[in-house]
């Protein structure tokens with residue numbers, strides 16, 4: 001982050017804008033001069049995010065749109081509102097996503113579709129309709145997860161969704177390059193947010209994960225926001241189609257199995273069946 005107004009005159013559109021990573025990314029962009037539209041499902045959460053940003057950047061411009069990033073109509077309307085702020089769109093950050101522990105054999109078509117919708121469909125809609133509004137020099141910064149690169153036990157569908165989103169971004173980077181539009185991906189590691197958004201606040205999760213992080217701590221939203229700011233700004237004008245891990249070095253190791261914790265969550269009988277490759281009873 002430069003501290004200057006290098007993004008003055010630019011407009012950013014951020015989904016999941018009320019969340020820890022989304023709102024912090026917006027703060028970094030607004031602090032450097034961009035106007036921002038935050039999209040999310042809960043207006044009160046969006047208002048809190050806006051108020052926090054404007055408290056730090058009183059002359060900033062932050063607009064809100066309450067809607068579902070998995071809805072084509074909502075996403076298109078939100079992007080149109082973002083564009084109308086300054087008659088331009090320069091930065092798009094699809095920030096909706098998340099996963100839960102659930103063994104592969106306990107998934108069904110419904111839970112598969114839920115995870116794909118939340119992590120892949122939302123990114124596609126934001127990228128697809130955002131790209132059509134971006135001007136030359138525009139940037140799309142997708143938020144993935146280090147689960148897309150490291151095998152994460154009990155999160156197979158989440159891994160698949162984030163992996164698919166990364167390939168979508170790479171393909172879009174190739175196709176949109178001639179239009180001067182860059183597309184990149186950030187892979188956060190486990191990141192603590194003030195809103196407690198992660199799928200588990202169990203301290204055992206954090207302890208197990210930290211043991212596999214060379215820098216020996218979980219992430220915080222500013223870690224990710226700084227990377228968003230870099231990939232959104234002119235400093236990265238010759239960077240596209242890249243996947244940047246921001247995870248304390250976790251990609252160097254493995255994700256923990258946490259079998260005891262998952263067994264506690266789902267029961268010994270169910271996990272015994274899962275581990276044996278049998279259909280669980282529940």
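Considering only residues that are crowded, with 24+ Cβ neighbours inside 10 Å and not in a strand (DSSP E or B), look in the stretch 135-145 and name the one that is nearest to the chain's Cα centre (by Cα). Checked the stretch 135-145; the qualifying residue nearest to the chain's Cα centre (by Cα) is 144.
Among the residues of the stretch 111-133, write down those that are crowded, with 24+ Cβ neighbours inside 10 Å and within 20 Å of residue 86 (Cα to Cα). Selection gives 126, 130.
Got a number for residues in the stretch 38-80 being closer than 16 Å to residue 123 by Cα and buried (at least 24 other Cβ atoms within 10 Å of the Cβ)?
Total meeting the criteria: 7.
Considering the conditions (1) under 30 Å from residue 262 (Cβ atoms); (2) out of contact with any strand residue (DSSP E or B) (no Cβ under 9 Å at 6 or more places or on another chain); (3) touching a residue at least 40 places away in the same chain (Cβ under 8 Å); (4) not in a loop (DSSP other than H, G, I, E, B), residue 122 is excluded by exactly one of them, (2). Scanning the stretch 238-282 for residues that are touching a residue at least 60 places away in the same chain (Cβ under 8 Å), assigned to a loop (DSSP other than H, G, I, E, B) and crowded, with 18+ Cβ neighbours inside 10 Å turns up 240, 247, 255, 258. Quick one: which residue in 96, 30 is farther than 30 Å from residue 263 by Cβ, crowded, with 19+ Cβ neighbours inside 10 Å and free of Cβ contacts under 8 Å to residues at least 60 places away in the same chain? Answer to the check: 30.
Condition check ((1) over 19 Å from residue 16 (Cβ atoms); (2) modelled with pLDDT of 95 or more) across all residues:
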| residue | (1), (2) |
| --- | --- |
| 73 | no, yes |
| 84 | yes, yes |
| 135 | yes, no |
| 147 | no, no |
| 160 | yes, yes |
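The values are calculated or read from the model by the stated rules, or taken from the named source; none is laboratory data. Since the structure is predicted, the reported quantities are computational estimates derived from the model, not experimental observations. Backbone-built Cβ (ideal geometry, glycine too); neighbour counts: all protein chains shown.
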